[in-house]
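The values are calculated or read from the model by the stated rules, or taken from the named source; none is laboratory data. Given the structure is predicted, the values throughout are model-derived calculations rather than measurements. Positions of Cβ are generated from backbone atoms using ideal geometry, with glycine treated the same way; all protein chains shown enter the neighbour counts.
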Amino acid sequence: PTIQSLIPSYASALEGRKRSPQTIVRYVYNLKRFLRWLGEDAEIEEITPDVLELYQVSIGHLSASTIMNSLSTIRDFCRWAIKAKLRQDDPTLFLEFPRKPRRVFSPLSVEELRDLVPTLNNNEPEEPEQCWMWQRNRRAIYLMLYAGLRLGETVTLKWKDVDLVDQVLIVRHGKGDRDRVLPIHGRLLQELQRVPKTERLPERTVISKIDGDPLSRRSVEHICDRWLGRLGYKIHAHRFRHTFATQMMRRGANIRTIQELLGHADLKTTERYLLVDVEDKRRAVDVLPEDW
């Protein structure tokens with residue numbers, strides 16, 4: 001059979017494995033990109049180790065994470081095909097994945113937070129629609145800063161998963177398709193409570209357009225890059241999540257608790273978030289005396 005003809009069945013299998021809608025869309029996109037290179041009518045038997053090696057070279061200009069994601073999709077597809085008895089061998093067995101470059105995480109400093117939070121809280125526009133959007137944008141930022149949500153989790157969180165009475169929210173299908181229950185911080189609780197009940201419809205996303213439609217990941221990135229930029233801040237969306245983790249660590253939170261709150265399957269991922277940053281290094285150096 002052609003790879004193209006198998007994509008709908010593969011997507012259904014992913015759904016059966018409880019993969020999130022975003023994951024399914026990404027896997028299907030990766031397969032279709034592979035097909036554009038291999039040929040739209042390519043048969044599944046045409047996926048060979050040599051072909052995959054050539055494909056990896058052809059996408060070598062992309063980022064390491066994109067290459068890893070693309071190859072992981074093809075590997076998962078081939079393993080599904082083997083289970084479905086559509087082929088016998090696994091051509092991805094000896095795939096060599098690129099090393100993902102180690103990112104330097106840059107949480108916001110306490111000084112930056114003391115400047116940013118009052119700015120967001122005290123400067124709402126008077127015009128109703130502009131005020132609504134200001135509050136929506138602030139709510140998105142606070143979900144990342146006070147609950148540690150990922151960008152994708154921020155835009156998919158629905159009101160049915162927010163319990164303002166018990167003060168918890170449920171992140172459905174987080175990374176790795178794991179659900180997690182998070183306590184709602186007091187500052188975030190105030191922000192959520194101020195949303196009119198008429199807007200808190202169960203299936204409506206907490207972060208939405210003014211007509212109720214969901215906001216895209218790109219739109220929230222624009223909130224951070226453009227909206228905050230106009231306010232004088234240069235802050236990438238993911239820095240809020242790093243700040244959430246780093247500030248908890250500095251205040252004595254257990255690393256296992258931080259791991260659970262962030263939704264990391266591997267403790268090593270959490271440890272990468274909590275690498276000693278420049279501020280901590282500076283404090284350590286400052287304890288040395290000027291005169292010995």
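One line per residue, one yes/no per condition, for (1) under 24 Å from E124 (Cβ atoms); (2) crowded, with 18+ Cβ neighbours inside 10 Å:
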{"position": "R217", "(1), (2)": "no, no"}
{"position": "E221", "(1), (2)": "yes, no"}
{"position": "K234", "(1), (2)": "yes, no"}
{"position": "H242", "(1), (2)": "no, yes"}
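I'm trying to understand the selection: among the residues of the stretch 9-39, which are more than 12 Å from W80 (Cβ to Cβ) and in contact with an Asp or Glu (Cβ under 6 Å, 6 or more places away or on another chain)?
Answer for the stretch 9-39, where residues must be more than 12 Å from W80 (Cβ to Cβ) and in contact with an Asp or Glu (Cβ under 6 Å, 6 or more places away or on another chain): K18, S20.
Looking at F77 and the list (1) of a type outside the set (S, T, N, Q); (2) without any contact (Cβ under 8 Å) to a residue 60 or more places away in the chain; (3) in contact with a Phe, Trp or Tyr (Cβ under 8 Å, 6 or more places away or on another chain), which single condition is not satisfied?
Evaluating F77 over (1) of a type outside the set (S, T, N, Q); (2) without any contact (Cβ under 8 Å) to a residue 60 or more places away in the chain; (3) in contact with a Phe, Trp or Tyr (Cβ under 8 Å, 6 or more places away or on another chain) leaves (2) as the failure.
Are there helices (runs of 4 or more DSSP H) fully within the stretch 1-110 with at least 3 residues that are within 28 Å of K268 (Cα to Cα)? List them.
On the way: elements: 3-16, 21-38, 49-58, 64-83.
Result: 21-38, 64-83.
With respect to L14, is the statement that it is aliphatic (A, V, I, L, M), surrounded by 12 or more Cβ atoms within 10 Å (Cβ to Cβ) and more than 23 Å from the chain's Cα centre (by Cα) true?
On the way: aliphatic (A, V, I, L, M): yes; surrounded by 12 or more Cβ atoms within 10 Å (Cβ to Cβ): yes; more than 23 Å from the chain's Cα centre (by Cα): no.
No: the conditions fail for L14.
From the list T66, T73, T48, T119, exactly one residue is assigned by TED's automatic domain parsing to the domain that holds G152 and among the polar types (S, T, N, Q). Which is it?
On the way: T66 fails: assigned by TED's automatic domain parsing to the domain that holds G152; T73 fails: assigned by TED's automatic domain parsing to the domain that holds G152; T48 fails: assigned by TED's automatic domain parsing to the domain that holds G152.
On inspection, the qualifying residue turns out to be T119.
Given the residues K85, K197, which is the only one that is at positive phi and of a type in the set (K, R)? So that I can check it myself, show each step before the final result.
Numbers: K197 fails: at positive phi.
Of K85, K197, the one residue that is at positive phi and of a type in the set (K, R) is K85.
Can you tell which of R99, R150, R87 is within 30 Å of L169 (Cα to Cα) and among the charged types (D, E, K, R)? Steps first, please.
Values: R99 fails: within 30 Å of L169 (Cα to Cα); R87 fails: within 30 Å of L169 (Cα to Cα).
The unique qualifying residue is R150.
Which condition from (1) modelled with pLDDT of 90 or more; (2) surrounded by 13 or more Cβ atoms within 10 Å (Cβ to Cβ); (3) closer than 30 Å to E191 by Cα is the one that Q130 breaks?
Result: Q130 fails condition (2) only.
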